[in-house]
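Novice: One structure coming up, written as structure tokens, with questions to follow.
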Amino acid sequence: MSVVDVERHGIVAISEGDHEAAYQAAEWLKSSRSASAISRSMTPIRLHVEALRRFGGLTPRAVIGGQFVPGSGDRTQISVGVAGFGLFDAEDEPTCPSRLWNQPFTIGLPSEFARPVVRVLGEGPRLPPGMLTIDRAGFDLMNSSEMIFAQTASVLQAVLVARVGGEDADEAARAVVRTW
């Protein structure tokens, strides 16, 4: 795990491999976009990013992750899993620990947060041809928002693009967090 801390902007924890925030999707939001050139890495990559913004008395935070599997063609397919419960129906849902905060996350990605994730993944830096599946997520009822999920998804996307291109993933994350 690496931690990228950008003073007065936010902090992100980036990890490879599995994450406790795995959830069963009730539906999938799907899209595709034109792909970038072929990557250096032709093996699947599973990453997750936890983000924590710091300003004033607010602490927006989110965790999101998934797997990119390189493929053929000229498109990147994107699938974002939507949890089977709404934001305000999550009281009895399982939780997972936070690496950046003292309170756990509720596991899952309600539709309120899934839509901005799909939107962000359809913009910005492009991945090579293949399939990106978002199936790990966690939120905080009081401190999560559409904005923090969009920002966390943009960090995940930048880190994935850097990793498949053989570039510095921490620097890619830092560049995104500086824009917050």
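Novice: Calculate the all-directions average of the projected area of the chain's alpha-carbon convex hull, and give it in nm². Write out the running numbers ahead of the final one.
Specialist: Details: hull surface 36.8 nm².
Taking the Cα atoms of the chain, their convex hull projects to 9.2 nm² on average.
Novice: Moving on. How far is it, in nm, from the label point at GLU20 to the one at ASP5 when both lie 7 Å from their Cα along the line to the Cβ?
Specialist: Calculated label separation equals 2.2 nm.
Novice: Related question: Probe radius 1.4 Å, ligands and nucleic acids ignored: give me the carbon and sulfur share of the accessible area of the chain as a rounded percent. Spell out each step's value before the answer.
Specialist: Numbers: 4120 of 8270 Å².
On the chain, the fraction of accessible area on carbon and sulfur atoms equals 50 percent.
Novice: I would also like to ask the following. Tell me, what is the percent relative contact order of segment 34-83, built from C-alpha pairs under 8 Å that lie six or more residues apart?
Specialist: 40 percent
Novice: How big is the gap, in Å, between the Cα center of segment 72-93 and the Cα center of segment 2-63?
Specialist: 13 Å
Novice: What do you get for Rg/Rh over segment 138-180 if you use C-alpha atoms and the Kirkwood form of Rh? Mind dumping the intermediate values first?
Specialist: Values: Rg = 11.7 Å, Rh = 11.0 Å.
Rounded to two decimals, Rg/Rh equals 1.06.
Novice: Further, regarding this structure: Given a 10 angstrom Cα cut-off, can you work out which residue in THR43, THR133, THR59 is the most mobile in a GNM of the chain?
Specialist: THR43
Novice: Another question, then. Convert each backbone phi in segment 68-80 into a coupling constant with the Karplus relation 6.51 cos²θ - 1.76 cosθ + 1.60 (shift: θ = phi - 60°), then list the ³J(HN,Hα) values in order as whole Hz, x for Gly and Pro.
Specialist: 10, 10, x, x, 10, x, 10, 10, 10, 8, 10, 10, 10
Novice: Could I ask something else about it? Please compute the net charge surrounding ASP74, taking Lys and Arg as +1 and Asp and Glu as -1 over other residues with Cβ under 15 Å from its Cβ.
Specialist: Details: positive: ARG33, ARG75, ARG126; negative: none.
With Lys, Arg at +1 and Asp, Glu at -1, the neighbours total +3.
Novice: Positive end of the dipole of the chain, charges at C-beta (+1 Lys, Arg; -1 Asp, Glu), about the Cα centre: which of GLY57, LEU47, GLY73 has its Cα farthest in that direction?
Specialist: So the residue furthest toward the plus end is GLY73.
Novice: Taking square-rooted eigenvalues a ≥ b ≥ c of the alpha carbon gyration tensor, is segment 55-160 rounded, prolate or oblate, where a/c under 1.5 means rounded and, failing that, a/b exceeding b/c means prolate? It would help to have the intermediate numbers written out before the result.
Specialist: Working: a/c = 2.17, a/b = 1.72, b/c = 1.26.
In terms of gyration-tensor shape, prolate.
Novice: Another question about this same structure. From the helices alone, meaning DSSP H stretches of at least four residues, give me the mean residue ellipticity at 222 nm for the chain, per-run term -39500 (n - 2.57), in deg cm²/dmol to the nearest 500.
Specialist: On the way: 3 runs with 39 residues, N = 180.
So the calculated ellipticity at 222 nm is -7000 deg cm²/dmol.
Novice: In percent, what relative contact order does segment 1-138 have, based on Cα pairs under 8 Å that are 6 or more apart in sequence?
Specialist: Working: 325 pairs, mean separation 47.1, N = 138.
With pairs under 8 Å counted, the relative contact order is 34 percent.
Novice: Name the GluC sites (Glu not before Pro) in segment 41-120 that are in a loop by DSSP and that have at most 13 other C-beta atoms within 10 Å, would you?
Specialist: Loop-located and lightly packed - GLU91.
Novice: Now for a different question. Can you give me the relative contact order of segment 1-48 as a percent, contacts being Cα pairs under 8 Å and 6 or more apart? Don't jump to the answer; show the numbers that get you there.
Specialist: Details: 32 pairs, mean separation 19.8, N = 48.
RCO, segment 1-48: 41 percent.
Novice: Any idea what angle helix 146-164 forms with the longest principal axis of the chain, computed on alpha-carbon atoms, 0 to 90 degrees, nearest 10?
Specialist: So the inclination is approximately 30 degrees.
Novice: Determine the per residue accessible area of the chain with all protein chains present and a 1.4 angstrom probe, expressed in square angstrom. Each step should come with its number before you reach the end.
Specialist: On the way: 8270 Å² over 180 residues.
I get 46 Å² per residue for this part.
Novice: Another one. Highest mean first, what order results for 145-156, 118-129 on Cβ atoms within 10 Å?
Specialist: Working: 145-156: 23.6, 118-129: 17.8.
Going from most to least packed, we get 145-156, 118-129.
Novice: Another question, if that's okay. Please give the charge dipole size of the chain, origin at the Cα centre, charges +1 on K and R Cβ atoms and -1 on D and E Cβ atoms. Round to the nearest 20 debye. All intermediate terms of the calculation are to be shown ahead of the outcome.
Specialist: Details: 17 positive and 21 negative charges, 127 e Å.
In debye, rounded to 20, the chain gives about 600.
The values are calculated or read from the model by the stated rules, or taken from the named source; none is laboratory data. Only a predicted model underlies this, so the values are computations on that prediction, with no experimental measurement involved. Backbone-built Cβ (ideal geometry, glycine too); neighbour counts: all protein chains shown. Please note that ligands, DNA and RNA were not included when accessible areas were found on the heavy atoms of the full protein model with its side chains. Shrake-Rupley method; radii C 1.70, N 1.55, O 1.52, S 1.80 Å.
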